[in-house]
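The values are calculated or read from the model by the stated rules, or taken from the named source; none is laboratory data. Just so it is clear, the model here is predicted, and its values are computed rather than measured. All Cβ positions, even for glycine, are placed from backbone atoms using ideal geometry, and neighbour counts span all protein chains on display.
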Amino acid sequence: MKHTLSDRFEAHSAGIEPSGVDPRARRVLEELGIETSSLRSKSAEEFLDDYIDMVVTVCDRAKEACPFFPGAGGYMHRSFVDPPDLIGEGIEPLEAFRRIRDEIEEWLLETFSHLS
């Protein structure tokens, strides 16, 4: 969202169990010209005290384990396959990450591009 719709939204990324940024995720983001050196794995708990217009979860595990954000204006969920799950099905690792990257970007544009 930061890359695709940064002119309209301020976005923050966080996880339920931060474990580092996967180097394959960095690589496929860099393919789009996205600077990744400052990316770090963050816990959703870092944002619990912030006012957030919308909490968006992108996998079922995150939706089920997502903490309650007292300042959230709303919640939205769209489940995407975790790239390692695709790798387990025999898809080449970088292709799995590219596929999910592109699916997320397409969904973001369809869902949020008309909002300001």
**Request:** Find all pairs meeting these conditions: Cβ atoms under 9 angstrom apart; at least six residues apart or on different chains; first residue within segment 91-116 and touching a residue at least 24 places away in the same chain (Cβ under 8 Å) and of a type outside the set (Lys, Arg); second residue loosely packed, with under 12 Cβ neighbours inside 10 Å and in a helix (DSSP H, G or I).
**Result:** none
**Message:** I need a count of the residues in segment 60-95 that are touching a Lys or Arg at 6+ places or on another chain (Cβ under 8 Å) and part of a helix (DSSP H, G or I).
**Reply:** 4
**Asked** Is it the case that ILE34 is in contact with a His (Cβ under 9 Å, 6 or more places away or on another chain), farther than 21 Å from LEU115 by Cβ, in a loop (DSSP other than H, G, I, E, B) and hydrophobic (A, V, I, L, M, F, W, C)?
**Response** yes
**Fill in**
Those residues of segment 59-100 that are buried (at least 16 other Cβ atoms within 10 Å of the Cβ), at pLDDT 90 or above and either under 20 Å from ASP7 (Cβ atoms) or small (Gly, Ala, Ser) (or both) come to a total of 1
**Request:** Determine, yes or no, whether LEU32 is farther than 15 Å from ILE100 by Cα and either touching a strand residue (DSSP E or B) at 6+ places or on another chain (Cβ under 7 Å) or at pLDDT 85 or above (or both).
**Result:** no
**Item:** Extreme residue, farthest from HIS3 (Cα to Cα), among residues of segment 39-55 that are outside any loop (DSSP other than H, G, I, E, B) and out of contact with any helix residue (DSSP H, G or I) (no Cβ under 9 Å at 6 or more places or on another chain)
**Value:** GLU45
